[in-house]
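K.L.:
The structure's right below; bear with me while I get my questions together.
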Amino acid sequence: MFVLDKHGHPLQSCAAARARKLLKMGRAVVHRHTPFVIRLKDRTAADSEIDGVELGVDPGSRHTGISVFTAQAGERRARFAIQLDHRGASIRTKMQQRAAYRRGRRSRNLRYRAPRFSNRTRPSGWLAPSLRHRVVTTASWVDRLARWSPVRAVHVERVAFDTHAVSAGRSLQGVEHQRGTLAGYEVREYLLAKWKRRCAYCGAAGVPLNIDHIHPRSRGGTDRVDNLTLACVSCNQTKGNQPIEDYLARKPNLLAKILAQAKAPLRDAAAVQTTGWALWRELNARLPTHVASGGRTKWNRTRMGLPKTHTLDALAVGKLDSITATVSAVLVIGCTGRGTHARTRTDKHGFPRLRLPRHKRFFGYATGDLVTAVVPTGKRQGTHTGRVAVRATGMFNITTAHATVQGISHRHVRLLQRADGYAYTFQEESSRL
Ligand SMILES: [Zn+2]
């Protein structure tokens with residue numbers, strides 16, 4: 001539970017039981033419902049002992065994990081975990097829809113319009129709206145967490161693999177001997193990026209991939225990364241000890257492509273991760289930010305025997321010796337947006353189909369508010385807590401962690417927190433694999 005002092009400055013967080021006791025004694029008030037933040041009425045940050053916490057961020061295209069932990073001498077203890085569910089895909093769909101409407105409008109039978117000035121330039125550092133959304137929401141949540149807890153530093157995964165470690169791996173005895181080492185993990189991540197997570201021979205994706213020696217070792221092939229590729233299990237076995245020229249004798253184009261790709265320098269293979277850099281710049285402007293590679297995260301997580309989740313990855317970002325505590329529940333934050341500005345729905349040609357009401361609030365509630373409804377009788381009897389969708393009729397829908405409950409009267413509904421563009425649910429950490 002996040003704790004603030006009487007002036008709203010962050011203190012060290014406390015356990016839920018302690019927060020309940022403080023509230024019961026009247027020493028604290030509820031500052032915010034989700035995530036739960038209390039404010040002590042009789043304490044200032046100046047006369048409190050604050051050890052500080054650190055943040056780990058594991059950015060992903062659909063989900064970003066953020067972990068709040070205490071770090072002492074390489075030992076990390078998780079205090080709070082967030083999974084951000086991005087809406088990049090829906091932004092993309094909406095932008096494409098708008099572009100289609102505009103394109104349609106331009107080709108209609110309208111008067112001639114002279115071309116305007118060139119408005120097709122993009123400022124440097126421009127990111128597609130769906131990608132920019134990922135960067136700004138993540139930075140915004142780091143901001144919020146830094147408001148509620150004494151954050152000292154941020155660890156963020158910026159690149160899939162560490163170029164230095166991979167080039168160091170070239171001079172080592174060979175990847176086979178490095179299994180389980182940091183360099184081994186970096187080499188594997190490097191190969192996944194370079195060969196686009198596909199079998200080099202048949203192009204299969206989403207299957208287990210083995211590291212394959214392009215020129216077999218039994219025929220004098222080296223362990224250097226420029227002799228390594230990825231192959232699915234069946235291609236790996238069919239190829240066996242054959243020289244690649246024999247194996248691909250009937251596919252000269254593929255052979256030439258693989259040989260050329262293998263020689264591509266490390267720099268080119270390191271896919272320019274624009275969003276990674278943009279996120280780092282945003283975070284570094286706020287807090288001291290340390291960068292790490294995805295290979296190191298994976299190595300840390302495997303060493304600690306942790307399952308793969310976005311939040312546990314966030315906990316394992318960067319340099320650490322041990323992880324001695326994880327959280328039991330993860331706050332899942334869905335980016336929902338704040339609804340549409342347009343007050344009409346359109347048909348597939350972009351013409352108005354129906355009109356929405358001018359105002360968005362009914363009976364004191366707006367769509368997106370976090371509410372709890374206690375229904376005493378009937379088919380929907382029980383307590384439902386979640387995000388509300390309001391109707392002019394007063395019969396609301398509530399989306400809980402499990403399902404959407406339809407047709408709940410506004411009379412049973414109580415407000416917990418106003419809509420802020422996010423949907424909150426809790427999930428168990430262990431069940432999220
Ligand atoms: Zn294959």
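K.L.:
Put a dot 7 Å past each Cα toward the Cβ at ARG147 and ALA260; how far apart are the dots in nm?
P.N.:
Each label point lies 7 Å from its Cα, and together they span 5.3 nm.
K.L.:
Give the long-range amide H neighbours of ILE323: residues separated by 5 or more places, or on another chain, with amide H under 5 Å away, using H modelled in the peptide plane at 1.01 Å from N.
P.N.:
ARG76
K.L.:
With the dipole of the range 282-358 worked out from charges on the C-beta (+1 for Lys and Arg, -1 for Asp and Glu) around the Cα centre, which of TRP299, ALA325, LEU312 lies farthest toward the positive end?
P.N.:
LEU312
K.L.:
Let's test the formula: R0 of 45 Å, r as the Cβ-Cβ distance of ASN109 and ALA392. What FRET efficiency results, to the nearest 0.05? Write out the running numbers ahead of the final one.
P.N.:
On the way: r = 38 Å, r/R0 = 0.85.
Efficiency for this residue pair is about 0.75.
K.L.:
For a quick check: with amide H placed at 1.01 Å from N, whose amide H comes under 5 Å from ARG79's, ignoring anything fewer than 5 positions away on the same chain?
P.N.:
For ARG79, the qualifying residues are VAL68, PHE69, THR70.
K.L.:
Given a 10 angstrom Cα cut-off, can you work out which residue in THR121, THR302, THR340 is the most mobile in a GNM of the chain?
P.N.:
Result for the chain, Cα springs under 10 Å: THR121 fluctuates most.
K.L.:
Right, something else. If we sort 41-51, 188-198 on the protection proxy, mean other Cβ atoms within 10 Å, highest first, what's the order?
P.N.:
Numbers: 41-51: 11.9, 188-198: 19.5.
Result, highest mean first: 188-198, 41-51.
K.L.:
Return the long-range amide H neighbours of VAL159 (sequence gap of 5 or more, or a different chain), with a cut-off of under 5 Å between placed amide H atoms.
P.N.:
Hits under the 5 Å cutoff: ALA292, GLY294.
K.L.:
Can you tell me which of LEU312, LEU320, LEU84 moves the most in a GNM of the chain? Springs connect C-alpha atoms under 10 Å apart.
P.N.:
Judging by the Gaussian network model, the answer is LEU320.
K.L.:
Just from its helices, what would the mean residue ellipticity at 222 nm be for the chain, if runs of 4 or more DSSP H residues each count -39500 (n - 2.57) and the sum is divided by every residue, rounded to the nearest 500 deg cm²/dmol?
P.N.:
Values: 12 runs with 125 residues, N = 433.
Value at 222 nm, helices only: -8500 deg cm²/dmol.
K.L.:
Let me ask something else about it. R0 = 45 Å: FRET efficiency of ALA16 with ARG224, Cβ-based, nearest 0.05? Could the numbers behind the result be given before it?
P.N.:
Details: r = 53 Å, r/R0 = 1.19.
Computed FRET efficiency for ALA16 and ARG224: 0.25.
K.L.:
Nearest 0.05, what FRET efficiency do ARG132 and LYS196 give at R0 = 25 Å with Cβ-Cβ as r? Can you show the working numbers first?
P.N.:
Values: r = 24 Å, r/R0 = 0.97.
Efficiency at R0 = 25 Å is approximately 0.55.
K.L.:
Could I ask something else about it? If you count only protein heavy atoms with a 1.4 Å probe, what accessible area per residue comes out for the chain, rounded to a whole Å²? Walk me through the numbers on the way to the answer.
P.N.:
On the way: 24590 Å² over 433 residues.
With the other protein chains kept in place, the chain gives 57 Å² per residue.
K.L.:
Determine, at each q value in 0.10, 0.13 (inverse angstroms), the log₁₀ of I(q)/I(0) that the Debye formula gives when each Cα of the chain is one equal point scatterer.
P.N.:
So the normalised log intensities work out to -0.91, -1.22.
K.L.:
Pick out, from LEU23, ALA389, THR275, the residue whose Cα sits farthest towards the positive end of the charge dipole of the chain, with +1 on the Cβ of Lys and Arg and -1 on the Cβ of Asp and Glu.
P.N.:
Projecting each Cα onto the dipole axis, the largest value belongs to ALA389.
K.L.:
Tell me, what is the 1.4 Å probe accessible area of TRP280, in Å² to the nearest 10?
P.N.:
The value for TRP280 is about 60 Å².
K.L.:
How much net charge surrounds GLY407 when only other residues with a Cβ under 14 Å from its Cβ are counted (Lys, Arg +1; Asp, Glu -1)? Could the numbers behind the result be given before it?
P.N.:
On the way: positive: LYS379, ARG380, ARG391, ARG411; negative: none.
Counting the neighbours of GLY407, the net charge comes to +4.
K.L.:
Aspartates and glutamates within cross-link reach of LYS298: Cα-Cα under 16 Å, excluding same-chain residues under 8 positions apart?
P.N.:
ASP58, GLU157, ASP162, GLU186, GLU189, ASP313, ASP321
The values are calculated or read from the model by the stated rules, or taken from the named source; none is laboratory data. Worth saying up front: this structure is predicted, and the values here are computed from it rather than measured. FYI the Cβ positions are ideal-geometry reconstructions off the backbone, even for glycines, and counts take in every protein chain you see. When the accessible area is computed, the model is the full protein with side chains, heavy atoms only, and any ligands, DNA or RNA have been set aside. Shrake-Rupley method; radii C 1.70, N 1.55, O 1.52, S 1.80 Å.
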